[in-house]
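Just below is one structure, and these are the notes that go with it.
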Amino acid sequence: MSKAIQAIRGMNDLLPESLSLWQRIEQTSESVLEAYGYREIRFPIIEKTELYKRSIGEVTDIVEKEMYTFEDRNGDSLTLRPEGTAGCVRAGVENGLLHNQVQRLWYTGPMFRHERPQKGRYRQFHQIGVEAFGIGTPDIDAELILVTARLWRLLGIHGLELQINSLGTPAARARYRQVLVDYLRGHFAQLDEDSIRRLDSNPLRVLDSKNPAMQSLIATAPSLHEHLDEESLRHFEQLCTALKTANIAFRVNPRLVRGLDYYTRTVFEWVTTELGAQGTVCAGGRYDGLVELLGGQRTPAAGFAIGLERLAELAALQKVSGAGRLPQVYVAPLGEGKVTQQGLVLAEQLRDAGLRVELHCGDGSLKSQLKRADRSGARYALLLGESELAAAQVSVKNLRVDESQQLIGLADVTAMLAAKLAEDTSE
């Protein structure tokens, strides 16, 4: 017997038992985003490698070490998308969606990074991404945060902390970059290996280090806020005022930076202490220069991404229930020939009435079929044997309440069950 093939390390199967919770998150997210006027967009999971080199930055960890990049048969360098914003911008520019327009867009799907797999960090992971184009004022920054706050509330998620910061304009950040590099070089002996590597390529990421030995050095580093331009400071103050007015609690974290080069001004994260080291559930900010960088006209833009694996794990820890889309009725034909055929017809009639129905197919005793019916999660089992069929009846068994079975006419059972299930839902 040959050895069974296993999934690629860091790329996980999502089984039906866990997908119920994922489906609730996805359905609730779509409902919230529609309420705010965001429309779905879909774009390929493979793009030209140049797209990510330009947008994310050639000297970032993602581009240098983590992307799944390969040459196709034409010799073109292609990459599995490591994040969604660049692809969304590319699609917007290419299809004429962004120039002199306001667009509120969202998408969902898998992303890919060749990282060391660990809890909350996988090589294939899933995101819900939200992007707003054409609005340069801080009210859209606030709206994006309100979208996420509403989603947590509707899902019943608690304990997330909102952290915000401003990275200022590229010019202000460049001035601060030199001040920070000078400071870090003055404490070179205290830098860890990652910080030394980032010192020349992306020194702001040193501030994002999770190494406990680096925290005292980071705490005394020069503050970016002291080097922000007046317009960025005003933008940030207006955002803070808007969040306070909307009763959204937040903490200004002057060490909060994002790992992608395209961010400007506002950045934010929703973080939790319940998931260990990978505590960021949602992150985003403003990226006013990215559209122009990717060949479009200069367009203000802001957005965020939610890590679905992390959000689902947090929801499970907090006992958030799933989507509840289990079958409502289990049809069990106890015989062959006409009994089986009538079972098929009966299941279709119930589905025509809008009910979720699982039909037993294949052989099985009454006992085994009732076990399957119970495991399916259905509330009612319909037992159809030779004697019931001869009398044009079906036996109805409530699987969740201890009560006697009822014999109901085949012509009446659909209406009866629809009414019963509607009554159960309203209780």
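No value in this document is a laboratory result; all are computed from the given coordinates. As the structure is a computational prediction, the values presented were derived from the model and not from experiment. Counting neighbours? That spans all protein chains shown, and the Cβs are built from the backbone with ideal geometry, glycine included.
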Legend entry - Tilt relative to the chain, helix 16-35 - C-alpha long axis, 0 to 90 degrees, to 10: 60
Legend entry - Whole-Å distance, taken between Cα centres, linking segment 332-385 and segment 10-56: 35
Inset, instruction - Work out the length of the dipole vector of segment 226-325 about its Cα centre, built from +1 on the beta-carbon of each Lys and Arg and -1 on the beta-carbon of each Asp and Glu, and round it to the nearest 20 debye. - result: 420
Inset, instruction - Output the pairs from Lys119/Lys319; Lys119/Lys210; Lys119/Lys244; Lys338/Lys367; Lys338/Lys397 with a Cα-Cα distance over 27 Å in this structure; if there are none, say none. - result: Lys119/Lys244
Inset, instruction - Could you grab the relative contact order for segment 1-89? Cα pairs under 8 Å, six or more apart, rounded to a whole percent. - result: 25
Legend entry - Residue order, fewest to most surrounding Cβ atoms within 10 angstrom, among Phe70, Phe236: Phe70, Phe236
Inset, instruction - Calculate, in nm to one decimal, what Ala411 and Glu193 gain on full extension: separation in residues at 0.36 nm each, minus their alpha carbon distance. - result: 71.0 nm
Inset, instruction - Round to the nearest 10 and give me the degree value, 0 to 90, for the angle of helix 413-426's Cα axis relative to the longest principal axis of the chain. - result: 40
Inset, instruction - Write down the radius of gyration of segment 329-420 and its Dmax, each obtained from C-alpha positions, in Å. - result: 11.7, 32
Legend entry - Cα-centre dipole for the chain with unit charges at Cβ (Lys and Arg positive, Asp and Glu negative), debye to 20: 600
Legend entry - Surface/4 of the Cα convex hull for the chain, nm²: 28.3
Legend entry - Spatially proximal lysines relative to Lys48 (Cα-Cα < 28 Å; intrachain offsets below 8 disregarded): Lys65
Inset, instruction - Take every Cα pair under 8 Å in segment 285-391 that's 6+ residues apart, average their separations, divide by the length, and report that relative contact order as a whole percent. - result: 29
Legend entry - Helix-only CD estimate at 222 nm, as mean residue ellipticity for the chain, using -39500 (n - 2.57) per DSSP H run (n ≥ 4): -11500 deg cm²/dmol
Inset, instruction - Calculate how steeply helix 170-185 sits against the longest principal axis of the alpha-carbon atoms of the chain, using the helix alpha-carbon long axis, and give the answer as 0 to 90 degrees to the nearest 10. - result: 80
Legend entry - For the chain, with +1 on Lys and Arg beta carbons and -1 on Asp and Glu, the positive-most of Ser201, Met111, Phe70 along the dipole: Ser201
Legend entry - Whole-Å semi-axes of the ellipsoid equivalent to segment 110-222 (Cα gyration tensor, √5λ, descending): 31, 21, 15
Inset, instruction - Report relative contact order for segment 329-420 in percent, whole number only (criteria: Cα-Cα under 8 Å, sequence separation at least 6). - result: 30
